[in-house]
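In what follows, a single structure is set out as structure tokens and then discussed.
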Amino acid sequence: MSKKPVVLVTRKLPAAVETRLRQNYEPRLNQHDEVYTSDQLVEYAAGAEAIIPCHTEKLTAPVIARLPDTIRAITSFSVGFDHIDLTAAKSRGIIVTNTPDVLSDATAEVAMLLLLGAARRAHEGEAEIRTNSWRDWSATYQLGLQVTGKRLGIIGMGRVGQIMARRARGFDMQIHYYNRNKLPTELECGAVYHASVESLLPHSEFLSIHCPATPDTYHLLDAERIALLPDNAVVVNTARGSVVDDEALIAALQSGRLFAAGLDVFNNEPAIHPTYRKLKNTFLLPHIGSATRETRDAMGFRALDNLDAIMAGREPRDRLV
Ligand code: DGY
């Protein structure tokens, strides 16, 4: 019987995914689910043919340069791939894949949750109940912003952005969007295209970020662009923290220029900018956009489909390089 290929799995994956993995591979699992250092990654990859990382592992050019020659594939358990240096992988002949599509619904759900929670000050109300400090109903108590019928600006009208637009239409929101390319009219469903972020922002009473983290989108939402948003706008981010300049967003939240922000992703997770925690007008979640049972299984199976294809010499569905 031929030996099963060894696969380094950097984080604990859902049980059904690990079970399927064991059928065709010898998985090197992370029982304690701690985040590996670069040295550990390189050490544990010895003799492996593939790595299944999450976005928590930084596969930078120096790390990829140190991986053993046996590594043929990096099949990431994530749609985002900003944690992997694709150029470095390509130059070593390592195939890299991600898991698009399967997490779009779950991520749009969290974007909608953040939008509603930030607009209606959900965490303040919840905290009052939990700390038993709610005293009375009042006509002027904890007033938020109405969402229904407002204008939603979407940066990045890919899979998640389009589902977010669909969900927001359920609240009669008018959709404006910026994307590198205008969508075909039938996919726009009436959304208004803006050829630049600068053109989109003044129309965005609510702004939801859905673009990938790339050198081009680093700190895309900075002080200058925040100044283009309407007064009392709400910013939602379920993409990546690096798209937002924290200092600029915090200043606008502190001054009251922005009404609130709903954030699921942050620079330097989990050691986020400490001021976010102190602000009343932030609604914060710990990077759980894709965290449903269904979606995490689907992400794992999609990563394994890609791995199976590569190991069988077939073209994987989600090849990045
Ligand atoms: C993704 O898939 O990119 C999510 O952010 C979780 O890693």
Test result for Q162, touching a helix residue (DSSP H, G or I) at 6+ places or on another chain (Cβ under 8 Å), free of Cβ contacts under 8 Å to residues at least 60 places away in the same chain and either farther than 19 Å from A108 by Cβ or not hydrophobic (A, V, I, L, M, F, W, C) (or both):
yes
Search result, residues across segment 71-85 that are free of Cβ contacts under 8 Å to residues at least 60 places away in the same chain, part of a loop (DSSP other than H, G, I, E, B) and away from the ligand (no atom under 13 Å from the Cβ)
I71, D85
Select from segment 27-45 the residues that are within 16 Å of the ligand (Cβ to nearest atom) and either exposed (fewer than 15 other Cβ atoms within 10 Å of the Cβ) or in a helix (DSSP H, G or I) (or both) and list them in ascending order.
D33, V35
Can you tell me how many residues within segment 255-272 are surrounded by 15 or more Cβ atoms within 10 Å (Cβ to Cβ) and farther than 22 Å from V96 by Cβ?
11
Go through (1) touching a helix residue (DSSP H, G or I) at 6+ places or on another chain (Cβ under 7 Å); (2) β-branched (V, I, T); (3) assigned to a loop (DSSP other than H, G, I, E, B) and name the single condition I64 misses.
(3)
Count, please, the residues in segment 206-217 that happen to be surrounded by 15 or more Cβ atoms within 10 Å (Cβ to Cβ) and under 14 Å from the mean Cα position of the chain (by Cα).
7
Where residues in segment 91-107 are among the small types (G, A, S) and within 13 Å of the ligand (Cβ to nearest atom), which of them is farthest from N306 (Cα to Cα)?
A106
Using the structure shown, decide if K12 is within 15 Å of the ligand (Cβ to nearest atom) and either touching an Asp or Glu at 6+ places or on another chain (Cβ under 6 Å) or not assigned by TED's automatic domain parsing to the domain that holds R302 (or both).
yes
When segment 257-312 is examined, which residues are found to be away from the ligand (no atom under 16 Å from the Cβ), without any contact (Cβ under 8 Å) to a residue 40 or more places away in the chain and β-branched (V, I, T)?
T275
Search segment 6-26 for residues being part of a helix (DSSP H, G or I) and polar (S, T, N, Q), and hand back the single one that is surrounded by the fewest Cβ atoms within 10 Å (Cβ to Cβ).
Q23
Out of segment 46-56, which residues are surrounded by fewer than 21 Cβ atoms within 10 Å (Cβ to Cβ) and either among the β-branched types (V, I, T) or under 24 Å from the mean Cα position of the chain (by Cα) (or both)?
C54, T56
Just give me the residues in segment 268-293 being within 17 Å of the chain's Cα centre (by Cα) and in a helix (DSSP H, G or I), in sequence order.
R293
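Quick grid of which residues meet (1) touching a Lys or Arg at 6+ places or on another chain (Cβ under 7 Å); (2) not aromatic (F, W, Y):
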site	(1), (2)
A73	no, yes
S78	no, yes
F81	no, no
A108	yes, yes
L113	no, yes
With the condition kept exactly as written, say whether any residue in segment 57-64 is more than 27 Å from V160 (Cα to Cα) and buried (at least 23 other Cβ atoms within 10 Å of the Cβ).
yes
Any chance S199 is among the small types (G, A, S) and either touching a Pro at 6+ places or on another chain (Cβ under 6 Å) or in the same structural domain as D69 (by TED's automatic domain parsing) (or both)
no
Determine if segment 46-54 includes at least one residue that is in contact (Cβ under 8 Å) with a residue 40 or more places away in the chain, under 17 Å from P5 (Cα atoms) and within 13 Å of the ligand (Cβ to nearest atom).
yes
With the condition being under 24 Å from L201 (Cα atoms) and outside the structural domain of S76 (by TED's automatic domain parsing), I'd like the strands (runs of 3 or more DSSP E) fully within segment 86-188 carrying at least 3 qualifying residues.
151-155, 174-178
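The values are calculated or read from the model by the stated rules, or taken from the named source; none is laboratory data. Computed from a prediction, not measured in an experiment: that's the story for all the values here. Heads up, the Cβs are rebuilt from the backbone with ideal geometry, glycines too, and the neighbour counts pull from every protein chain shown.
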